[in-house]
Amino acid sequence: MVKVIIPAYNEEASIPLVIADIPKVVEEIIVVSNNSTDNTEINALNAGATVLVENKKGYGYACLKGMEYIASLDETQKPDIIVFLDGDYSDYPEELTKIITPIIEDDIDFVIGARDKNLREEGSMTGPQIFGNWLATSLMKLFFGSTFTDLGPFRAIKYDKLLALEMEDKTYGWTVEMQLKALKRKYSYKEIPVNYRNRIGVSKVSGTVKGAIFAGVKILSWIFKYSFK
Ligand SMILES: Nc1nc2c(ncn2[C@@H]2O[C@H](COP(=O)(O)OP(=O)(O)OP(=O)(O)O)[C@@H](O)[C@H]2O)c(=O)[nH]1
Ligand SMILES: [Mg+2]
């Protein structure tokens, strides 16, 4: 059973498109809104998603809220696989099938959709974002021998393996925390090249100077914290 968690803050225009393109193999789509001031929540609800509201601001908080909700479900409702993707329609939700296949067919623990430069739309990733990803994944290679090439938001992981990571980051460090902890625990992992396009709507992270700097600092602090652990 597969469930999807989508952190979304003011993504009213894109969220119905994201939900519509998610393959029907998914059992439940969970949109976690951080007090969106637009119609994100009602649009997600009308598109058939479970909508949760998290008061505490932050990408990590939203993901943790989604996990808290899943943890509250009855055992028969617990998923085998959790998928994360963004709510701004920059990912291609229909590619979810190829991201979960290595888990289902090859028993891989963790799969990341890597935003391959040949598959990326012009402008869909900013210069600082591309540099930040290169720096972060190069340091992970140096310190952990990792083969990750991206900190892509579109990813899938076995539910029990995700729980064992005891995820804690509340904001921009969520993606790198998951990868660092998976490396530390020697999870099997794989990258699948995915398409990536310009987002719909206003950027909350990489497209803002504040977001890009905070994300950069948070990501590097996780890497250095883990490399000396
Ligand atoms: N719930 C919640 N979602 C958030 C928050 N910040 C960002 N998001 C969502 O997380 C996803 C990633 O944020 P983006 O603003 O797209 O960040 P990005 O992809 O690095 O930057 P862009 O390239 O501009 O898209 C989007 O779906 C946002 O709506 C937040 O504080 N709370
Ligand atoms: Mg985005």
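If we scan segment 51-62, do we find a residue that is over 24 Å from Ser203 (Cα atoms), open to solvent by less than 50 Å² (accessible area, probe 1.4 Å), in a helix (DSSP H, G or I) and among the aliphatic types (A, V, I, L, M)? Checked segment 51-62: no residue is over 24 Å from Ser203 (Cα atoms), open to solvent by less than 50 Å² (accessible area, probe 1.4 Å), in a helix (DSSP H, G or I) and among the aliphatic types (A, V, I, L, M). Within the bounds of segment 102-117, is there any residue that is part of a loop (DSSP other than H, G, I, E, B) and surrounded by 21 or more Cβ atoms within 10 Å (Cβ to Cβ)? Checking segment 102-117: not a single residue is part of a loop (DSSP other than H, G, I, E, B) and surrounded by 21 or more Cβ atoms within 10 Å (Cβ to Cβ). Across segment 201-227, which residue is nearest to Thr126 (Cα to Cα) among those that are among the β-branched types (Val, Ile, Thr) and touching a residue at least 40 places away in the same chain (Cβ under 8 Å)? Applying the filter and picking the extreme gives Val205.
Checked against the criteria, Ser33 counts as modelled with pLDDT of 95 or more, among the polar types (S, T, N, Q) and under 15 Å from the mean Cα position of the chain (by Cα). Can you find, within segment 54-70, the residue that is farthest from ligand 2 (Cβ to nearest atom) among those that are farther than 16 Å from Asp88 by Cα and touching a helix residue (DSSP H, G or I) at 6+ places or on another chain (Cβ under 7 Å)? The extreme case among them is Glu54. Given the conditions (1) out of contact with any Gly (no Cβ under 7 Å at 6 or more places or on another chain); (2) open to solvent by less than 30 Å² (accessible area, probe 1.4 Å); (3) of a type outside the set (Phe, Trp, Tyr), which single one is not true for Ile30? Going through the list (1) out of contact with any Gly (no Cβ under 7 Å at 6 or more places or on another chain); (2) open to solvent by less than 30 Å² (accessible area, probe 1.4 Å); (3) of a type outside the set (Phe, Trp, Tyr), Ile30 breaks only (1).
The one condition from (1) farther than 14 Å from Gln179 by Cβ; (2) open to solvent by less than 60 Å² (accessible area, probe 1.4 Å) that Glu191 does not meet is (1).
The values are calculated or read from the model by the stated rules, or taken from the named source; none is laboratory data. A quick note: this is a predicted structure, and the numbers were derived from the prediction, not measured. Cβ sites come from the backbone with ideal geometry, for glycine too, and all protein chains shown count toward neighbours. Heads up: the accessible areas ignore ligands, DNA and RNA and are worked out on the full protein's heavy atoms, side chains in. Shrake-Rupley method; radii C 1.70, N 1.55, O 1.52, S 1.80 Å.
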